Amino acid sequence: MGVSSPLVEAFEVTGGNRLSGTVSVTGAKNSVLKLMAAALLAPGTTTITAVPEILDVSVMAELLRRLGCEVDHDLVTATLRIDVPEQLHHQADYDLVRRMRASICVLGPLVARCNRAEVAVPGGDAIGSRGLDLHISGLNRLGVEVHNEHGYLIATAHDRMQGASIWLDFPSIGATENLLTASVLAKGTTVIDNAPREPEIVDLCNMLVAMGAQIGGIGSATLEIHGVDRLQPTTHATVPDRIVAGTWAVAAAITQGDVMIANARAGDLEIALDKLVMAGAHIDVGSDGFRVMMEDRPKAVDVVTLPYPGFPTDLQPQFIALNSIASGAAMVTENLFEARFRFVQELRRLGADVRTDGHHALVRGCEGLSGAPVEATDVRAGAGLVLAGLVAEGVTTVFDVTHIDRGYANFVEDLTGLGGDIRRIDA
Ligand code: UD1
């Protein structure tokens, strides 16, 4: 997959089919991008497996190439080989950073390796303003000077970084990733308190440990990092994508279907699956995944997004879609991204009854939705709209599907395999 501008494409979804069968989940977008950046920490060849074939991986691969790496993505084996040179370039350009905010995660590895990083400031995006203050204040604590010049964050470590105690005001995933990847090569001990506990953070820590990093408290809210002089390349398998697995779980529930979601970890999705049970689904957990069965119209369920192990914000639009056709009414509270309800206007075009007020959305379930053209405003909103389209009467055309391609590999093929009526069209 290249990174040139893709055609303007849309998904045409015809509602009414009940989903059934098996779908297999690949590695997590929100992990693999950070694993790729972490590869920069060790000269030599790092191999990452279970790599999803998504647009964001291509953008990150291009960014690594511009930093001096050779990157080979074998689509057949879903494997990335990243050859990292001794001397890296240290600039991440705006044209890539603006396409993918997660580019910011090269900041930590670049300061650690080069003592200097210049990364374009990502700017706002469709789901909210997303600050960088915690990234910057944390790096400052490690002795890194950071300033903003001509749209770039310029980070400079005059000497080797020095370990420090860092207390995060909010368990930011992005900030923690940068602090982890910087502090593994710092001098002395760094403690990150109020750290996020997401499975993707655990995955990154596990890869860093395999590279020779010393990290204690993995999976807890306190990470303790003892800096080492040098790291070695490794081979690492990306954790399965819990958000993709959760999306297919909601797809099964909303269509009153019966879907086996393979290569997925139910334990990473406990609250979301509990909510589906409250909505009326039966869930069987097996060793390699879980099966979601729904026989009746779902019941509306309240949702409050919170850092892990709370309900994930990345499944909020999918649950609004589910509630929009459920019996009863539900309150959905979004605590992470203020603009994430923007997609509700699109859902209303299908006839959904949703009222938002600040970070609350009141969803009154209706008997049925009616297909219409809608626009995917971000990756998860796009998924939520397709789920609504699967049960709407007639045809729903979802425009701007590049957003969906950023996060879901084989989206159309997977849904078609389950019996969904969806096709990609040039719009
Ligand atoms: C990551 C995920 C995204 C997910 C989000 C929350 C990736 C590529 N993206 O985003 O899919 O929705 O976690 O689970 O992994 N904040 C600040 N200052 C900072 C950093 C963050 O105020 O310096 C705020 C943000 O504005 C936001 C909240 O903290 O309100 C969460 O942000 P963060 O956890 O950093 O999310 P991302 O890493 O951007």
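A short reminder: the numbers here are calculations on the coordinates, not readings from a lab. Keep in mind that what you see is a predicted model, and the values were worked out from it rather than measured. Neighbour counts are summed over all protein chains in view; Cβ atoms, including those assigned to glycine, are modelled from backbone coordinates with ideal geometry.
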Reachable lysines, given that their alpha-carbon falls under 17 Å from the alpha-carbon of Lys275 and they are not under 8 places away in the same chain: Lys299
For the stretch 29-76, convex hull volume per residue from C-alpha positions, Å³: 70 Å³
Nonlocal amide H pairs with Gln256, under 5 Å, H built at 1.01 Å: none
Gain upon complete extension [Met331, Ser220; 0.36 nm per residue less C-alpha separation]: 37.0 nm
Cα gyration tensor shape for the stretch 314-415, rounded if a/c is under 1.5, else prolate or oblate: oblate
Highest-fluctuation residue, Asn178, Asn194, Asn148 considered, GNM on the chain with Cα pairs under 10 Å: Asn148
Intensity falloff of the stretch 378-427 expressed as log10 I(q)/I(0), Debye formula with alpha-carbon point scatterers, at q = 0.28 Å⁻¹: -1.31
Structure-based [θ]222 nm, the chain - -39500 (n - 2.57) summed over DSSP H runs of at least 4, per residue, nearest 500: -8500 deg cm²/dmol
Rough spin-label spacing in nm, given labels placed 7 Å along Cα→Cβ, for Glu338 and Thr156: 3.3 nm
Residue-by-residue Karplus 3J(HN,Hα) for the stretch 397-402, coefficients 6.51, -1.76, 1.60, Hz, glycine and proline x: 9, 9, 8, 6, 6, 3
Karplus-derived 3J(HN,Hα), 6.51/-1.76/1.60, for each residue of the stretch 408-415, Hz, glycine and proline x: 10, 7, 6, 4, 5, 4, 5, 5
Estimated Rh, the chain: Kirkwood, alpha-carbon pairs, angstrom: 21.9 Å
Residue-wise HN-Hα coupling along the stretch 98-113, computed from phi with Karplus coefficients 6.51, -1.76, 1.60 (Hz; x: Gly, Pro): 5, 7, 8, 4, 4, 4, 4, 6, 7, 4, x, x, 5, 5, 5, 8
Cβ-based exposure ranking for Trp248, Trp167, in which fewest neighbours within 10 Å come first: Trp167, Trp248
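Hey, what did the stretch 187-329 get for relative contact order, percent, Cα under 8 Å, at least 6 apart?
20 percent
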Aspartates and glutamates whose Cα lies under 14 Å from that of Lys187, excluding same-chain neighbours fewer than 8 positions away: Asp159, Glu224, Asp229
Shape call, the stretch 236-320: gyration tensor on alpha carbons, a/c limit 1.5: oblate
Segment Arg98-Trp167, length gained on full extension (0.36 nm per residue, minus Cα span): 22.0 nm
Listed peptides 26-38, 61-73 by packing density, highest first (mean Cβ within 10 Å): 26-38, 61-73
The chain, relative contact order in percent, only Cα pairs under 8 angstrom and at least six apart counted: 21 percent
Label-point separation in nm, Ser287 to Val228, each point 7 Å along Cα→Cβ: 3.2 nm
